[in-house]
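> Here you go, one structure.
The values are calculated or read from the model by the stated rules, or taken from the named source; none is laboratory data. Because the structure is predicted, anything quoted here is derived from the model rather than measured. Here the Cβ is made from the backbone with ideal geometry for all residues, glycine too, and neighbour counts use every protein chain on show.
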């Protein structure tokens, strides 16, 4: 039998097929171990564990070098050793790398660095915190109102019909300027009565003169002379009474029914309620004229604040709508407390030559209450407010300016007391603190970003 025929015959025996199957299985296991990821062995079902151990044991038998094959754990360590080493080295490098933002800004938090040219451009100026005397200011809410002593409510004082109106709302008028013309039957009666009284007076004078001459010539009796003198006196009284009636309503003598309504003072027409053809009575509110060159700042004062608000005390009126102030004095403090509000009314007389303070405008009134000495004070403009630090004052710090947190006390609007955070004699930024605050906020925003 030839060799080829012997080999073909050997393939038909069972032992040869078993050996071939074992070799194929070992090759598959070895390939799986080689292709396994470095992080660890893939999960295997519990039922396949005995088969893998059997294959490993068989693989040891088939190892041509005679050395036992490495277990899965040892192979995993060998395969992943380099990867784990790189991870550890990378971790050490990361831990040892300094924080970029921390190194650049951690030691300079709250400090604004400016060059000499930037300081000059910003107009920075320094001052020293020192002891001073601050007058405590009591701040009260108020409202601008008309000065009632310079305000007139104009009424016709006669009934009638409006013929014409000569003044408009908001118009500035002078004293005795014509406002309106009213046609009135009542004024016609008064003028007729006045004219009749003048005629009777003239007759009485003539009669008295004649009777006096006759009595002096012994022609007529003395009784006739005395009666003529009494009639003259009664006629004079009647004529004066008729003239006073016209004067009381502001009407001049004449023969028509025309009544002229005139301004009682110089000012601005702030209210107008007349139209042509309208019927009016003696009490109809026609015009309101006010001299707005002086106004009142009226405020409400609680019972606890009344001892500090007295007549004659200086006060400062500040607008809540725009940047404007006015000095004045407390002109009036009510002697009664309101039943509903439980407050007293006080007024500050304010000069208003430019008509800046318009009635109805809300204001804050600072009443100078009492004066007190403080050990440390700075300018009000030097105190700035930061969101994370509250009130701060900028002080020189090497080649920059540092924001120092402070606590404030009394203030008179110009200077403010520093109760903590700054010592007497310390330099601080007097002018330009707001610009430093803006620069610090910009730097914080860039750092956060």
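A quick yes/no check of all residues on (1) surrounded by 13 or more Cβ atoms within 10 Å (Cβ to Cβ); (2) touching a strand residue (DSSP E or B) at 6+ places or on another chain (Cβ under 9 Å); (3) farther than 21 Å from residue 133 by Cα:
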| position | (1), (2), (3) |
| --- | --- |
| 291 | yes, yes, yes |
| 323 | no, no, yes |
| 338 | no, yes, yes |
| 367 | yes, yes, no |
| 373 | no, yes, no |
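> Is it the case that region 378-387 has a residue that's at pLDDT below 90, surrounded by 14 or more Cβ atoms within 10 Å (Cβ to Cβ), under 27 Å from the mean Cα position of the chain (by Cα) and under 30 Å from residue 307 (Cβ atoms)?
The answer is no, given that none of the residues of region 378-387 is at pLDDT below 90, surrounded by 14 or more Cβ atoms within 10 Å (Cβ to Cβ), under 27 Å from the mean Cα position of the chain (by Cα) and under 30 Å from residue 307 (Cβ atoms).
> Go through 222, 234 for me and flag whichever is free of Cβ contacts under 8 Å to residues at least 40 places away in the same chain, in contact with a helix residue (DSSP H, G or I) (Cβ under 7 Å, 6 or more places away or on another chain) and loosely packed, with under 15 Cβ neighbours inside 10 Å.
Going through 222, 234 in turn, just one is free of Cβ contacts under 8 Å to residues at least 40 places away in the same chain, in contact with a helix residue (DSSP H, G or I) (Cβ under 7 Å, 6 or more places away or on another chain) and loosely packed, with under 15 Cβ neighbours inside 10 Å: 222.
> Still on this structure: Tally the residues that are part of a loop (DSSP other than H, G, I, E, B) and closer than 16 Å to residue 292 by Cβ, restricting the search to region 343-393.
Within region 343-393, residues that are part of a loop (DSSP other than H, G, I, E, B) and closer than 16 Å to residue 292 by Cβ number 10.
> Which of the residues belonging to region 183-194 are surrounded by 15 or more Cβ atoms within 10 Å (Cβ to Cβ), out of contact with any helix residue (DSSP H, G or I) (no Cβ under 6 Å at 6 or more places or on another chain) and assigned to a helix (DSSP H, G or I)?
186, 187, 188, 191
> Does region 140-151 hold any residues that are loosely packed, with under 14 Cβ neighbours inside 10 Å and in contact (Cβ under 8 Å) with a residue 60 or more places away in the chain, and which are they?
Of everything in region 140-151, those that are loosely packed, with under 14 Cβ neighbours inside 10 Å and in contact (Cβ under 8 Å) with a residue 60 or more places away in the chain turn out to be 141, 148.
Every residue, every condition in (1) over 25 Å from the mean Cα position of the chain (by Cα); (2) at pLDDT 90 or above; (3) within 23 Å of residue 360 (Cβ to Cβ), yes or no:
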position: 300; (1), (2), (3): no, yes, yes
position: 306; (1), (2), (3): yes, no, no
position: 318; (1), (2), (3): no, yes, yes
position: 330; (1), (2), (3): yes, yes, yes
position: 338; (1), (2), (3): yes, no, yes
position: 348; (1), (2), (3): no, yes, yes
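> Here are 207, 276, 292, 288: which of them is in a helix (DSSP H, G or I) and at pLDDT 90 or above?
207
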